[in-house]
Amino acid sequence: MQNEPCGLLYQPPPTKLLAALPLERSEWDNLLGEIAAYSAIITGYHLGEESATLAFCQQALAHLSEQNLLVRAEVAYAQSLAYHSCGDIVAATQSTRQAAALAQAAGNTSSTIFYLCRMAYYLLVRGKLCEVVQVAERAVLLGTTLVGLSDAIVCWARYSE
């Protein structure tokens, strides 16, 4: 992890510190994955540094448990930000599609809608207008409650329509 862009990559704590914590190894490993995932979001969203973001994503995926779907969704979203930064809108779209699928599998409707709206944006940039409408309609449908009220985040999807 030497000479990484902006020197932000997370270095794990010494083994002595790990032994002192009352967490099982798998819990500790998953926690390291979550730290790397949120570092990826920060570098991708606020700094726009694609290489550092992708390195954090790689670290996160190496540590996160398979069951941690929502944080894996965050990692996929961070990857989309990195791909967007370097101009690869197709890869950004695919990563955001993956983020939406993971968030939906985790049962997090608001995150799913957010990722769908971001995916609609990427599709719009690519000129895929029919797909934009389909994705936006899916987001609106997901965000509509049983009594017909909309989740607050649905306004993004309605804007995309």
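Using 0.36 nm per residue, how much length does the chain from Ala91 to Arg126 gain when fully extended, once their Cα-Cα distance is taken away?
Extending this stretch completely gives an extra 11.5 nm.
If packing is taken as the mean number of other Cβ atoms within 10 Å per residue, what is the order of 74-86, 97-109, highest first?
Top of the packing list down: 74-86, 97-109.
Short version: ³J(HN,Hα) in whole Hz for each residue of segment 99-116, in order, from phi by Karplus 6.51 cos²θ - 1.76 cosθ + 1.60 (θ = phi - 60°), x for Gly and Pro, what are they?
Those phi angles translate into 4, 5, 5, 5, 5, 5, 4, 7, x, 9, 5, 4, 5, 4, 4, 4, 5, 4 Hz.
Where does the charge balance sit around Val90 when Lys and Arg score +1, Asp and Glu -1, over other residues with C-beta under 12 Å from its C-beta?
Computed value for this residue: +2.
Need one word for segment 66-147: rounded, prolate or oblate. Basis is the Cα gyration tensor (sqrt eigenvalues a ≥ b ≥ c); a/c below 1.5 gives rounded, then a/b vs b/c decides.
Oblate shape, in that a/c is at least 1.5 and b/c is the bigger or equal ratio.
If amide H atoms are built 1.01 Å from N in the plane of the peptide, which residues on other chains or at least 5 residues away come under 5 Å of the amide H of Thr144?
The list, which skips near neighbours in sequence, is Asp151.
Which ³J(HN,Hα) values, rounded to whole Hz and listed in residue order, are derived for segment 122-133 from phi using the Karplus coefficients 6.51, -1.76 and 1.60 in 6.51 cos²θ - 1.76 cosθ + 1.60 with θ = phi - 60°, glycine and proline given as x?
Along segment 122-133, the couplings run 4, 5, 4, 4, 7, x, 8, 5, 5, 5, 4, 4 Hz.
Values quoted throughout were computed directly from the atomic coordinates according to the rules given, and no laboratory measurement underlies them. Because the structure is predicted, anything quoted here is derived from the model rather than measured. In this analysis, Cβ positions are derived from the backbone assuming ideal geometry, glycine residues included, and neighbour counts consider all displayed protein chains.
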